[in-house]
Structures are given as C-alpha cells and as structure tokens.
1. Can you pull out the chymotrypsin sites (Phe, Trp or Tyr not before Pro) in region 26-92 that DSSP calls coil and that have at most 16 other Cβ atoms within 10 Å?
2. Mind checking Rg over Rh on region 131-239, alpha carbons, Kirkwood formula for Rh?
3. Rounded to whole Hz and in sequence order, give me ³J(HN,Hα) for region 81-86 from the Karplus expression 6.51 cos²θ - 1.76 cosθ + 1.60, θ = phi - 60°, writing x for Gly and Pro.
4. Starting from the residue with the highest accessible area, list GLU170, GLU175 in decreasing order, probe 1.4 Å.
5. Could you run the Karplus curve 6.51 cos²θ - 1.76 cosθ + 1.60 with θ = phi - 60° over region 205-213 and give me ³J(HN,Hα) per residue in whole Hz, x for Gly and Pro?
6. What is the diffusion coefficient of region 1-70 in µm²/s, taking the Kirkwood radius over Cα pairs and the Stokes-Einstein relation at 20 °C with a viscosity of 1.002 mPa s?
7. Tell me which residues come under 5 Å, amide H to amide H, from TYR197 once H is placed; ignore anything under 5 positions away on its chain.
Amino acid sequence: MRKRIFRIIEASNGSGILSSLYDCLMIAVIIVSLVPLAFKSDNDVFLIIDNVAVGILIIDYLLRFITADYRYNNKSIRSFIKYPFSFFAIVDLISILPSLTALSSSFKLLRLLRMMRALRVLHVFKALRYSKNIRIIATVFKQQKAALTTVGALAIGYILISALVIFNVEPDSFESFFDAVYWATISLTAMGYGDIYPVSATGRTVAMVSAIFGIAVVALPAGIITAGYINEINGKNNNEPKQDRVDADKNNI
C-alpha cells in the first residue's frame, strides 16, 4: 500500500491516471490557497479555504513522510529522519505552519508565526515537483552551478567596486556606502530608479561605464541558462527513442 501511495504522489514515479489526478489536485489546492493573500481583509469563506487547503497539505506532507524509504531507496529509519530536512519538506512545513496558528492561540510560538502569514506564498514552490519543464530548469541550474556561481561572484565584485568608485568620486550625492551599493546594484541591472544619482561629469561617466558593463554581466547568466536548457532538451530528445526501444525489447522478452 505504501509503495502504491508513493507511485501516486511522486511526480517522477507516477502510476497512470491516479498520479495525474493527484498532481492536478495539488496544483489546484496550491492556487486556491493563495487566493486569500490577494485581499487585505479576511472572511469566513477565506477561513474555510485556508483550513481545507492546509488540511490537504498536511495529508500530503504525511504521505510523503511515511513513504520516505521508497523515495531514498533505503528501508532503514534514516530515510524517515532525512526527509524532514530535505528542501521540499522544509518548504512544505514552512508553508503549513502559519496556517496552523488559527488552531490554537495558547502557544506563544505559534502566535508569533501569525506575522509570517505571507510565507504561505511558498505553496507556489510545491508546484515545482509537478512540472517536467521546471525540473529540467532545476537540473540546468544544478549542472551549471559552478558557472552561475562565478558570474554571481563577478556581479557582486563589480557592484562593490562601482560603489567604492562612485562613493569616493562623488561623496556629496551619497550619504553612506550602503547608498552607493544600492545605486551600483540598480545601475548594474540598468533599471535606474532616479532616487539617487551622480551630478558631476566624473560621476556620470562612472555611471555610464557601470551601466554598459552591467548589461554584459546581467546577460551572462541568461546565456548560460539558455545554453544549458537547450543541451538538456536535446539530450532528453536523443535519449527518449533509445529508452523506447529498450522498453519494447523488454516487452518482447
């Protein structure tokens, strides 16, 4: 029974129409649970929606917990200890806890979680496990982690250097170094809100150079992710016919 449940609730190990229906149900629950966040005031309908949604999410969490040994292909108790600390399990738990504050007002810790009501938007991340394309993108990020980390470090370094330069070139326009960092970050993304800006010729020259190089730095991760995504898609397309032939051979045997 637990193995059957695992094959239904896990998107990558689905078993036919039941798995597809379960995926659709969970996505619908996630979307509906976010509706109350679009309104400032609460009412009885929103309270019912929240209670029903959190109830389903709790059941989903428990089902994944009791089938953790199938998830990790390890029948020992370590699988059940490991699962609560996995990324999606933490996301599930954090998205559930704020809604549980309505069940009891006697626990101060749960009462503090009322301030974290907006964390229910983390329900969105639960939908990641139900999308094949999102899983491909996650794989791309994992494979290109080194390159993306390098680009991130380059961007941070460039922001700090630009901030130091502009802060010393035009100190009157920036009250603190944090303001210079904020300006450098905005210039790096070429957004330019205009709330903080240099006024001298030297400062404007630094701003132009920063904006031009910023476009190049921002374009780097986009190119890395796009190339990795195309390679992943091409790799899957090349492997699918081979897998189909293997499955056909197994059926013939």
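The values are calculated or read from the model by the stated rules, or taken from the named source; none is laboratory data. What you see is a predicted model; the values in this text were computed from it and never measured. So basically every Cβ, Gly included, is an ideal-geometry build from the backbone, and we count neighbours across all protein chains shown. Ligands, DNA and RNA are excluded from the accessible area calculation, which covers all protein heavy atoms including side chains. Shrake-Rupley method; radii C 1.70, N 1.55, O 1.52, S 1.80 Å.
1. Working: sites: PHE39, PHE46, TYR61, PHE65, TYR70, TYR72, PHE80, PHE85, PHE87, PHE88; in loops: PHE39, TYR72.
Listed in order of number, the matching sites are PHE39, TYR72.
2. Values: Rg = 18.0 Å, Rh = 15.5 Å.
Radius of gyration over Kirkwood radius for region 131-239 works out to 1.16.
3. Residue by residue, region 81-86 yields 7, 6, 4, x, 9, 6 Hz.
4. Working: GLU170 10, GLU175 175 Å².
Greatest to least solvent exposure: GLU175, GLU170.
5. Calculated HN-Hα couplings, in order: 5, 4, 5, 5, 4, 4, 5, 5, 5 Hz.
6. Working: Rh = 13.3 Å.
Using the Kirkwood radius from Cα pairs, D works out to 162 µm²/s.
7. For TYR197, no residues qualify.
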